[in-house]
1. Quickly run through the range 86-106 and pick out the residues that are under 27 Å from A51 (Cα atoms), over 17 Å from the mean Cα position of the chain (by Cα) and free of Cβ contacts under 8 Å to residues at least 24 places away in the same chain.
2. So which residues in the range 64-93 are aliphatic (A, V, I, L, M) and touching a helix residue (DSSP H, G or I) at 6+ places or on another chain (Cβ under 8 Å)?
3. Which residue is farthest from G86 (Cα to Cα), if the candidates are limited to the range 120-140 and must be part of a helix (DSSP H, G or I) and modelled with pLDDT under 95?
4. Any residue at all in the range 194-214 that's surrounded by fewer than 17 Cβ atoms within 10 Å (Cβ to Cβ), modelled with pLDDT of 95 or more, over 27 Å from V54 (Cβ atoms) and not aliphatic (A, V, I, L, M)?
5. Being part of a loop (DSSP other than H, G, I, E, B), of a type in the set (A, V, I, L, M, F, W, C), out of contact with any Gly (no Cβ under 7 Å at 6 or more places or on another chain) and touching a residue at least 12 places away in the same chain (Cβ under 8 Å): is that true of A148 here?
6. Consider G95 carefully, then state whether it is in contact with a Ser or Thr (Cβ under 6 Å, 6 or more places away or on another chain), crowded, with 20+ Cβ neighbours inside 10 Å, closer than 27 Å to E28 by Cβ and not aliphatic (A, V, I, L, M).
7. If a residue has to be in a helix (DSSP H, G or I) and either touching a residue at least 12 places away in the same chain (Cβ under 8 Å) or within 20 Å of the chain's Cα centre (by Cα) (or both) to count, how many in the range 175-201 make the cut?
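The values are calculated or read from the model by the stated rules, or taken from the named source; none is laboratory data. Source: prediction; values computed, not measured. Every residue, glycine as well, gets a Cβ built from its backbone with ideal geometry; the counts of neighbours run over all protein chains shown.
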Amino acid sequence: MARQLRGVAGLFKVGSQLFTSEGPRAVEKLAGMGFGIFLDLKFHDIPNTVAGAVAAAADLPKVRMLTLHTLGDATMMRAARDAIAGRKTRPALLGVTILTNMDALALRRTGISGSPGSRALALARLAKQSGLDGVVASAHEALAIRRACGPKFLIVVPGVRPASTALNDQSRVATPSQAIQAGADYLVVGRPITEAANPRDAALAIAREIASAKRRSR
């Protein structure tokens, strides 16, 4: 599938399922094909462990962005930042805020008060204060995060679904156009492409929608 998407996708996401089954070899193989990597392993542990994991991840080839959970708190995020601070080149560190499958009821069940939007915004502010380069957040929170954290703070939006596709297990979703208009820098699109009858055509259609949305936003 990676070969089919050559020239269409900006980065390839390596998530926990692929990394668990194939390990660093998956990153190395995609990097060997010339692709940049979004390493989405969502590190969440004590600061020392996360620092070591981030340092190891940054040693993998062509890793441009990697993720850790903002709920690990500021000490953990600062440890991750410090683990790669002295490198000449390093991946962008992104803090995962509130997962896009979680609504207000799901948050309450985990003991987190407030709406997904208010929690995501608070966690984005904490990520910026802790020295991260950006966050992963739904399009529903992107505009508020952009206003609070400024134009250089990266916002990566998952849960992107073209209007004609199924929601799957997501609850806070947006179309590619909506995500771009909300201020996203990068969109994460998985199943609408990987489960399509023709993944390349599906990716091209999304790319055209993104380009059109960007033109309208200027």
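1. Within the range 86-106, G86, K88, T89 qualify.
2. Passing the criteria: L66, L68, L71, A74, M76, M77, A79, A80, A83, I84, L93.
3. This residue is H140.
4. No.
5. Against the criterion (part of a loop (DSSP other than H, G, I, E, B), of a type in the set (A, V, I, L, M, F, W, C), out of contact with any Gly (no Cβ under 7 Å at 6 or more places or on another chain) and touching a residue at least 12 places away in the same chain (Cβ under 8 Å)), A148 does not qualify.
6. It is true that G95 is in contact with a Ser or Thr (Cβ under 6 Å, 6 or more places away or on another chain), crowded, with 20+ Cβ neighbours inside 10 Å, closer than 27 Å to E28 by Cβ and not aliphatic (A, V, I, L, M).
7. Qualifying residue count, the range 175-201: 12.
Residues are listed down the side, and each one gets a yes or a no for (1) touching a residue at least 40 places away in the same chain (Cβ under 8 Å); (2) among the aliphatic types (A, V, I, L, M):
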residue: K62; (1), (2): no, no
residue: L71; (1), (2): yes, yes
residue: M76; (1), (2): no, yes
residue: R108; (1), (2): no, no
residue: G117; (1), (2): no, no
